[in-house]
Amino acid sequence: MNLAILVRSEILKTKRTASLYFTLIAAAVVPAIILLSALTDDIKGIKNDPLNGYIKLASEMNGLFFFPWFIILTCTLLPQIEYKNNTWKQVFTSPAAKVNIITAKYLTVHLLMLLFLLSTHLFMLIAILLANFIQPTLGLLNHLLDSDKIIANATNNYLTMLAVCSIQFWFGLRFKNFIVPVAIGFTLWLTGTLLALYFNSSIANYFPYSFQVFSNSPQHKLHLSKVVWASVAYAILFSFICYMDLRRKRMNN
């Protein structure tokens with residue numbers, strides 16, 4: 001069974017769950033907050049360029065909080081499908097290579113991550129149009145959209161979260177209990193955020209759950225390129241660990 005068939009199979013599994021709706025709802029949270037803020041608050045520092053100012057604020061909120069939370073939950077929910085339906089033995093006895101099984105599941109997670117990023121930017125543009133229609137005095141459409149910076153920020157948010165994605169994906173496969181990997185993930189995320197933002201610790205440069213700060217905090221962007229490479233390295237390492245763990249699980253079943 002080739003990889004393409006396995007990926008389609010994993011996508012079909014997600015359609016029978018709330019994964020798609022969860023992704024779209026999660027992606028709409030920050031644009032909804034920004035829309036309310038644009039209509040009710042006077043956020044300092046963005047009067048000169050409110051259009052790109054609100055988009056930058058949305059990117060930072062997503063990158064620091066909602067995108068990591070989404071990844072932690074998604075990387076736990078998807079592997080739990082097999083535990084919930086008691087179908088691991090069926091998966092293991094299918095005519096598919098072990099590496100293709102793990103890759104298909106991993107790629108499905110990344111497809112949802114990309115869908116989240118694309119959807120949240122689309123919802124953000126809709127929110128801006130609504131805000132400008134309801135309150136034209138904001139002058140949101142009187143400025144040019146800085147598309148290059150938007151793409152760069154989205155790319156950095158994605159790359160810096162590769163490590164967390166791989167680690168949480170392994171946790172999701174490793175633990176049958178849904179609460180355990182979620183609790184571990186949120187605890188590590190909180191620890192990493194505090195290390196980087198509040199303690200300004202050098203440990204944050206090597207702690208995967210701190211990496212999202214480096215793409216969203218101006219004082220940390222100096223080390224962004226190093227962190228991106230570290231994130232990719234962690235992703236490769238924990239993907240290998242996850243594969244080895246899955247292979248052992250198959251042998252034991």
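The values are calculated or read from the model by the stated rules, or taken from the named source; none is laboratory data. Just so we're clear, the structure is a prediction, and the values are computed from it rather than from any experiment. Note that each Cβ is placed from the backbone with ideal geometry, even for glycine, and that neighbours are counted across all protein chains shown.
Can you work out which of the residues in region 1-57 that are among the small types (Gly, Ala, Ser) and at pLDDT below 90 is farthest from the chain's Cα centre (by Cα)? Write out each step before concluding.
First, the residues of region 1-57 that are among the small types (Gly, Ala, Ser): 4, 9, 18-19, 26-28, 32, 37-38, 45, 53.
Filter again for at pLDDT below 90, leaving 4, 9, 18-19, 37-38, 45, 53.
Numbers: 4: 23, 9: 22, 18: 17, 19: 13, 37: 24, 38: 25, 45: 27, 53: 22 Å.
If we take residues in region 1-57 being among the small types (Gly, Ala, Ser) and at pLDDT below 90, then 45 is farthest from the chain's Cα centre (by Cα).
Test residue 121 against the criterion of being within 17 Å of residue 50 (Cα to Cα) and in contact with an Asp or Glu (Cβ under 7 Å, 6 or more places away or on another chain), and give yes or no.
So residue 121 does not fit the description; no.
Residue by residue through region 168-225, note down the ones that are at positive phi and touching an Asp or Glu at 6+ places or on another chain (Cβ under 8 Å).
Listed by number, the list is empty, since nothing qualifies.
Here is a yes/no grid of residues against (1) touching a Phe, Trp or Tyr at 6+ places or on another chain (Cβ under 9 Å); (2) part of a helix (DSSP H, G or I):
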{"residue": "144", "(1), (2)": "no, no"}
{"residue": "158", "(1), (2)": "yes, yes"}
{"residue": "170", "(1), (2)": "yes, yes"}
{"residue": "176", "(1), (2)": "yes, no"}
{"residue": "182", "(1), (2)": "yes, yes"}
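Contact list please: Cβ distance under 8 Å, first residue in region 225-238 and touching a residue at least 24 places away in the same chain (Cβ under 8 Å), second residue surrounded by fewer than 20 Cβ atoms within 10 Å (Cβ to Cβ) and in a helix (DSSP H, G or I), pairs at least six apart or on different chains.
227/205; 228/159; 230/205; 231/159; 232/159
Given 131, 104, which one is over 14 Å from the mean Cα position of the chain (by Cα) and either at pLDDT below 85 or closer than 29 Å to residue 242 by Cβ (or both)? It would help to see each step written out before you state the result.
Working: 131 fails: either at pLDDT below 85 or closer than 29 Å to residue 242 by Cβ (or both).
On inspection, the qualifying residue turns out to be 104.
Do we have residue 188 as surrounded by 13 or more Cβ atoms within 10 Å (Cβ to Cβ) and in a helix (DSSP H, G or I) here? Steps first, answer last, please.
Numbers: surrounded by 13 or more Cβ atoms within 10 Å (Cβ to Cβ): yes; in a helix (DSSP H, G or I): yes.
When the stated conditions are applied, residue 188 passes them.
Of the residues in region 170-190, how many are over 17 Å from the mean Cα position of the chain (by Cα) and either acidic (Asp, Glu) or within 16 Å of residue 238 (Cβ to Cβ) (or both)?
Number satisfying all stated conditions: 3.
State the number of residues belonging to region 97-113 that are among the hydrophobic types (A, V, I, L, M, F, W, C) and in contact with an Asp or Glu (Cβ under 8 Å, 6 or more places away or on another chain).
Residues in region 97-113 being among the hydrophobic types (A, V, I, L, M, F, W, C) and in contact with an Asp or Glu (Cβ under 8 Å, 6 or more places away or on another chain): 2 in total.
Being within 25 Å of the chain's Cα centre (by Cα) and either at pLDDT 85 or above or not in a helix (DSSP H, G or I) (or both) is the requirement here; does residue 96 meet it? Steps first, please.
Values: within 25 Å of the chain's Cα centre (by Cα): no; either at pLDDT 85 or above or not in a helix (DSSP H, G or I) (or both): yes.
No: the conditions fail for residue 96.
Of everything in region 47-62, what is in contact (Cβ under 8 Å) with a residue 12 or more places away in the chain and in contact with a Gly (Cβ under 8 Å, 6 or more places away or on another chain)? Give them in sequence order. Talk me through it step by step, then tell me what you get.
Here is the first cut: in region 47-62, the ones in contact (Cβ under 8 Å) with a residue 12 or more places away in the chain are 49-52, 54-62.
Within region 47-62, 50 is the sole residue that qualifies.
Has region 117-127 got any residue that is assigned to a loop (DSSP other than H, G, I, E, B) and over 16 Å from the mean Cα position of the chain (by Cα)?
Pass one, region 117-127, residues assigned to a loop (DSSP other than H, G, I, E, B): none.
No; the residues of region 117-127 include none that is assigned to a loop (DSSP other than H, G, I, E, B) and over 16 Å from the mean Cα position of the chain (by Cα).
Can you pull out every residue in region 220-245 that is hydrophobic (A, V, I, L, M, F, W, C) and within 29 Å of residue 200 (Cα to Cα)?
222, 224, 227, 228, 229, 230, 232, 233, 235, 236, 237, 238
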